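Reviewing the structure listed below.
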Amino acid sequence: MAAGRQARHSQLNWGAILYQIKRVLPPAALVGIALLACPFHGVAEAQPEPAPAAQQALLLLRILAYDRALAARAGKRVTIAVIHRAGDAGSEAAAAAVADALQVAGQKLAVAGLPVRVLRVAHRPGALAALCARERCAAVWVGLSLGDALPDITAVSRARGALTFTSDEAVAQHGVAVGLVRRGARTWIVVNL
């Protein structure tokens, strides 16, 4: 019986359902609904893979647009730091793809009426705090292979009020605010409260 419920749950079009709900509820209520919509039963069934960089960029900018305090924190532009591990080819490639996609999307879209600026930087312990303070980072995208750096990254982002994003579901479950992961043909938003 439980398998039947799981099959029906995975066949629902949660995007269409959330779109209809979004028209009625305030943005703050959407976080709770998104948590209910996430099919947590699928985590053990399939290995999540990163969503396409262009899709991550659009979702990241869309999520930032719902942040009512963004303009006050960001200043004259929305700065997004894309953090990667230096010397790790996979981390550098993923960060480059996301940074490029954010740059392209940011040229077409404004977030909260502000232009978008993207900074791609290698993670160095202690350096993120200075970067986020100097550049007024509104968001931090956490690249692959940075699991051991999460305490530093999440502490800085929380102190600064910057939202953190990743394409690695395991990292999202250990402190990064939003995970954008691919399961099958769909991209899932994993919210870590």
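The values are calculated or read from the model by the stated rules, or taken from the named source; none is laboratory data. Here the structure is a predicted model, which is why all the values come from computation and not from measurement. Accessible surface areas use protein heavy atoms only, side chains included; no ligands, DNA or RNA. Shrake-Rupley method; radii C 1.70, N 1.55, O 1.52, S 1.80 Å.
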Report summary line: Excluding ligands, DNA and RNA, the carbon-plus-sulfur percentage of the accessible area of segment 125-175 with a 1.4 Å probe reads 58 percent
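Express the accessible area of segment 39-193 per residue in Å², computed with a 1.4 Å probe while the remaining protein chains stay in the model. Please report the intermediate quantities before stating the final value.
Values: 7240 Å² over 155 residues.
Per residue, segment 39-193 has 47 Å² of solvent-accessible surface.
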**Report entry** Extension gain from LEU150 to ARG62, taking 0.36 nm per residue of separation minus the Cα-Cα distance
**Finding:** 29.3 nm
